[in-house]
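Reading through the structure tokens given below for one structure.
The values are calculated or read from the model by the stated rules, or taken from the named source; none is laboratory data. Quick caveat, the model's predicted, so the values are computed rather than measured. With ideal geometry, Cβ positions are generated from the backbone for all residues, glycine too; neighbour counts draw on all protein chains shown.
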Amino acid sequence: MSENDPTKISRRNLLELWWIAPVLGAGGFFAWFGIRSYRILLGKTPPGTPNFQTGNKFKIARVSDLQQPGDAKAFDYPIKIGSSIQSLPAILIRVSTPQPGGLSRGGTHLIALSRVCTHQNCTCDFITKPEIASMAYKYRPPAGNPILGCACHFSAFDPEKAGMSVSGPALKPLPRLQLEVKNSDVFAIGLEKI
Ligand code: FES
């Protein structure tokens with residue numbers, strides 16, 4: 001190949017193209033950021049009618065243990081995985097309005113949610129202070145209600161929206177547990193498959 005070969009890229013030509021790499025890098029970053037933001041803001045799945053899978057019957061509490069909206073009781077629900085029984089961290093919450101997949105009895109509305117974050121499986125905390133929800137999780141629950149917050153990447157889930165992801169990278173809602181009340185005792189009897 002001679003020095004005058006038009007197909008040969010000279011060092012000078014290369015230097016004139018220095019800007020391509022940063023422009024491609026910046027373009028790629030903004031495309032990634034845009035897609036990620038779109039998915040986080042608009043890609044969240046609302047909880048529909050739950051597809052409950054019948055499981056163990058586990059007593060959680062008495063109805064009277066949760067005296068007002070916002071009261072809650074954490075529990076470990078035994079689930080069968082393969083040939084072993086494992087514990088699913090979960091929580092029973094008294095909410096102010098009937099929830100799909102929850103249970104209402106008289107004026108008492110309950111919902112039970114898995115506490116395993118649907119982003120990357122960390123365990124969610126029950127956040128009762130609206131200021132913490134607002135500052136740490138960028139979500140202010142409408143009536144100051146508690147939320148479930150995942151401290152790993154700050155996803156927030158609203159029990160008053162049937163466990164929907166309302167902030168952060170998690171897209172799917174928290175799975176609900178099927179509830180039953182017998183003689184004023186509240187039981188979990190199954191788990192939603194999502
Ligand atoms: S694991 Fe919960 S937000 Fe990432």
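Before moving on, here are some points about what is shown:
- Residue check for Phe187: touching a Ser or Thr at 6+ places or on another chain (Cβ under 9 Å) and aromatic (Phe, Trp, Tyr): no
- Taken as a whole, the condition of being touching a residue at least 24 places away in the same chain (Cβ under 8 Å), of a type in the set (Gly, Ala, Ser) and either in the same structural domain as Ala162 (by TED's automatic domain parsing) or not in a loop (DSSP other than H, G, I, E, B) (or both) does not apply to Ser87.
- If the condition is being within 16 Å of the ligand (Cβ to nearest atom) and hydroxyl-bearing (Ser, Thr, Tyr), then region 137-194 contributes Tyr137, Tyr139, Ser155, Ser165, Ser167.
- When region 118-147 is filtered for residues that are in a strand (DSSP E or B) and at pLDDT below 95, nothing remains.
- Tally of residues being more than 18 Å from Pro89 (Cα to Cα) and in a strand (DSSP E or B) across region 148-167: 2
- Region 116-131, subset free of Cβ contacts under 8 Å to residues at least 12 places away in the same chain and more than 12 Å from the ligand (Cβ to nearest atom), residue nearest to Glu160 (Cα to Cα): Lys129
- Selection of region 90-115 for residues being away from the ligand (no atom under 16 Å from the Cβ) and assigned to a strand (DSSP E or B) yields Leu92, Ile93, Arg94, Val95, Leu103, Ser104, Arg105, Thr108, His109, Leu110, Ile111, Ala112.
- Some residue of region 169-180 being among the polar types (S, T, N, Q), more than 30 Å from Ser64 (Cα to Cα), assigned by TED's automatic domain parsing to the domain that holds Asp76 and at pLDDT 95 or above: no
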